[in-house]
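Just so it is clear, none of the values below were taken in a lab; they were calculated from the coordinates. Quick caveat: nothing in here was measured; it's all calculated off a predicted structure. Cβ sites come from the backbone with ideal geometry, for glycine too, and all protein chains shown count toward neighbours.
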Amino acid sequence: MSRLTIIVLGKKNKGTESREDVDFVFSNGSNLSKLIKGLKTKYFLFVRDDDKLSDDYFEIITNKIKEDFDTCFINYKINYDYKSKVRILHNKYELCNYMPLVGEYIWSFIIDRDKFLPVLDLELDNINNYIKDNLTNRTCINKVIYFHNPNTKRIINKWIYNDVKDEIKVKNLIYVAGGCNGIFNGYVSWLKNLGRCFSDKYKITILYDEIHPTTLGLFSEFFDCLKYDNSINYINESYSAPYTNYFYPKNIINLGESYMFIHGCMSDYENSMHFKDDLYSHYVGVSKVASDRAKGYFPTDNYETIWNPFKIDENMVKPHLMLCSAHRTAKVKRPERVEKMAKMLDELGIPYTWNLFTDVNENTNKGGLIIRSRVPNPLPYINDADYFVLLSESEAMPYSVLESLSLNTKVIVTPLEAFFELGVKDGENGIVVPPEYFDEGNEDKLKKILLKAYEEKDKKINFKFDESLYEGYNDVFIK
């Protein structure tokens, strides 16, 4: 009994039914559910009567089914004019005596019959989920198998094959899948530097599944960024991917060289699969250690090493603004003013860290504003800050401002008498913010204050508190 059935959709061709290791079944597309349920072989696949088989078709297929898998995807490659044409076998086993044209591409996959049977009774909307959840033991054939013309649509009962796709042609394609759904990510840094170094010379396209909006904004400065769509064929002349996206979608079609960039080291591979399917023209480690430690995990002994490009964008290297506050969350301290000012710093794109020590039980982070539990000694933080910020509506003796000035840390305060009494001077050792600047409609005025604070962050002050102010303390209290 053969282990493979090839279901030919269309007319019967002479000779195709005469192989010992393959059963051929011919169908006009009707009653396919009944046909599949009646198969006696472990695996089956579909071809059409006008498909063009390559000369190694049967050898590769019959060798592959000696393995055990649920679904075997054929690797998708194109026949293109600047490489040698794929020869079509001219003997009794061919389905069609025809040389594939440029632009025709490989399709199909081999299916475990028993695993597939439940699909025949599912509603269409549930089929994709079933395949994703149950056909999990997947493998891949990576050599040329056969070609077909993509401008067809075939419906097999409830299971739809839809090969009518729009095309997008690009020069250099990089597929990142879900690897960029964040900001702090090695792939993000890799791609940003790639863009800084090469985007003025080459056309590069990023194809993504998920991406953080901020990251997308950064990439858009250098690349054409496309959201992946499974109804589109992405035809490219050069394809690259990070190693976490080893298997890529069938509608990414490579005309030229393909590159697997290996960013990880041994610790990344210890719990990962060993790849058997040789899908790429080049396996590139981004450092010597990455290349050395990848051996045995990818189907090659030929690792290249290319250090990732690196280029600092001087326009992005802005001085970092350090702010500090320490006060209770009481209404009189006006904590909402702190949050409004922090939000405005975010809008202005000023890089900052604002440590706010207060009476909360747990630490929270709101962008650059870090709301922290109180510490016994905030002075080291105040000493490191460019400004100490206190935006109260009332103060009597604000020790924190006095401590800040004594450490020669400038202050940002509201115009309270207590601040002036301690020696705060607007424009000299601090910035005084009128309370109405926090009212709705005065955002531009508050922005000017913050821009001034940023510009003058490195301004030095030399403050000395007049100790004679408390010399009479012992006359009234200490005897």
Please compute one quarter of the surface area of the Cα convex hull for the range 360-424 and express it in square nanometres. 5.0 nm²
Once you wrap a convex hull around the alpha carbon atoms of the range 166-305, what is its projected area averaged over all directions, in nm²? 8.3 nm²
Just how large is the dipole of the range 166-305 about the Cα centre, in debye to the nearest 20, putting +1 at every Lys and Arg Cβ and -1 at every Asp and Glu Cβ? 280 debye
What dipole magnitude, in Debye to the nearest 20, does the range 333-409 give about its Cα centre under +1 on Lys/Arg Cβ and -1 on Asp/Glu Cβ? 100 debye
Relative packing of peptides 433-444, 318-329 - highest average C-beta neighbours within 10 Å first: 318-329, 433-444
By its C-alpha gyration tensor, with a ≥ b ≥ c as the square roots of the eigenvalues, how is the range 318-455 shaped: rounded for a/c under 1.5, else prolate for a/b larger than b/c, else oblate? rounded
Let me check I've understood the local charge: for S238, count other residues with C-beta under 10 angstrom from its C-beta, Lys and Arg +1, Asp and Glu -1. What total comes out? -1
Mind checking the range 269-327 for chymotrypsin sites (Phe, Trp or Tyr not before Pro) that DSSP puts in a loop (not H, G, I, E or B) and that have at most 12 other Cβ atoms within 10 Å? W307, F310
Relative contact order as a percentage, the range 265-355, C-alpha pairs under 8 Å and 6+ apart, gives 25 percent
